[in-house]
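Novice: Let me begin by handing over the structure; questions about it come next.
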Amino acid sequence: MEQAKSVAGLSESAEPASDDLLVVDRIVERHRGEQGALIPVLQKAQLAFGHLSPEVIERIAARLEMPISQVTGVVTFYSYFTTTPRGENTVRVCLGTACYVRSGKQVLEDLEKTIGVSVGETTRDRCFTLEIGRCFGACGLAPVVMINDDVHQRVKSTRLRELLEPYSCSNGGEARSDGGTEAGTGARPEAQSHTPGGSA
Ligand code: FES
């Protein structure tokens, strides 16, 4: 993302904002005056940029006339929000009870080795971000891994490369959207904890 030359002094006398910050401004304007505007603004900003950079957070705080610490507090509370750039594909390994006892932890460890990053990290080529989840609603066919919106069930550590291959960014970065492998059904995940607007 293009860096703002300056995020200090956001009044009319400030230097021209970068395109990204102008996008932030437009998002804020759409929600100005709404109660609880912060979360939808953060959601839309993250959708626009893929993550919430310090410059974007600072701009949102300034435009909503909130302390930066308040905005940062919301960003860090909800696991939905991320301050680091994400990969083109998000791989989530379920560590809910059913998956955990059916080798979910082993699948996670093997995926870390296969992808080459730890949980919460993104590969250097920005192809994969690895995360964990807490039940995707497919416990009967554990262990379960979600890649983007695809649910992969009964995942085997020995077949992880096959699992990831359709999402390879060397294939143009096109993520599958036609359901998973290994009995993937395309079932939707249950709401995750700490999702804005959820039960957290
Ligand atoms: S515990 Fe993994 S899908 Fe339910």
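Any read-out appearing in this document is the output of simple, stated calculations on the displayed coordinates, not a laboratory observation. In this text the structure is predicted, and so the values were computed from the model without any measurement. Heads up, the Cβs are rebuilt from the backbone with ideal geometry, glycines too, and the neighbour counts pull from every protein chain shown.
Novice: I'd like the distance separating the alpha-carbon centroids of the range 124-165 and the range 35-55, in whole Å.
Specialist: Using only Cα atoms to place each centre, the spacing works out to 27 Å.
Novice: Also, quick follow-up: Could you order the peptides 33-40, 157-164, 135-142 from most to least packed, using the average number of other C-beta atoms within 10 Å per residue?
Specialist: 135-142, 157-164, 33-40
Novice: Taking the Cβ of each residue in PHE49, PHE128 as the centre, tally the other Cβ atoms inside 10 Å and list the residues starting with the fewest.
Specialist: Arranged by neighbour count, lowest to highest, PHE49, PHE128 become PHE49, PHE128.
Novice: What's the long-distance tail for the range 53-132, i.e. % of Cα pairs beyond 21 Å?
Specialist: The calculated P(r) of the range 53-132 puts 44 percent of pairs beyond 21 Å.
Novice: Hey, quick one: spin label on GLU34, modelled 7 Å out along Cα-Cβ, who in the range 49-77 has an amide N within reach, i.e. under 15 Å?
Specialist: Once the point is set 7 Å along Cα→Cβ of GLU34, 64 turn out to lie under 15 Å by backbone N, inside the range 49-77.
Novice: Assuming 0.36 nm per residue, please report the length gained on full extension of the stretch GLU112 to ALA98 beyond their Cα-Cα distance.
Specialist: Taking GLU112 through ALA98 to full extension adds about 3.0 nm, to one decimal.
Novice: While we're here: Any idea which of ALA48, VAL71, SER103 is furthest toward the positive side of the dipole for the range 25-137, if Lys and Arg beta-carbons carry +1 and Asp and Glu beta-carbons -1?
Specialist: Among ALA48, VAL71, SER103, the one farthest towards the positive end of the dipole of the range 25-137 is SER103.
Novice: What is the set of long-range amide H partners of ASN89 at a cut-off below 5 Å, with H atoms built 1.01 Å from backbone N?
Specialist: Here the answer is PHE128, THR129, since their amide H atoms fall under 5 Å of that of ASN89.
Novice: Rg to Rh ratio, the range 89-171, alpha-carbon atoms and Kirkwood radius?
Specialist: 0.93
Novice: Contour minus end-to-end for GLU65 and ARG159, with contour as 0.36 nm per residue of separation and end-to-end as the Cα-Cα distance?
Specialist: Stretched out fully, the GLU65 to ARG159 stretch lengthens by 28.8 nm.
Novice: Return the distance in nm (one decimal) between the two label points of a simple spin-label model at VAL119 and THR84, each offset 7 Å from Cα along Cα→Cβ.
Specialist: Here the answer is 1.4 nm between the modelled labels.
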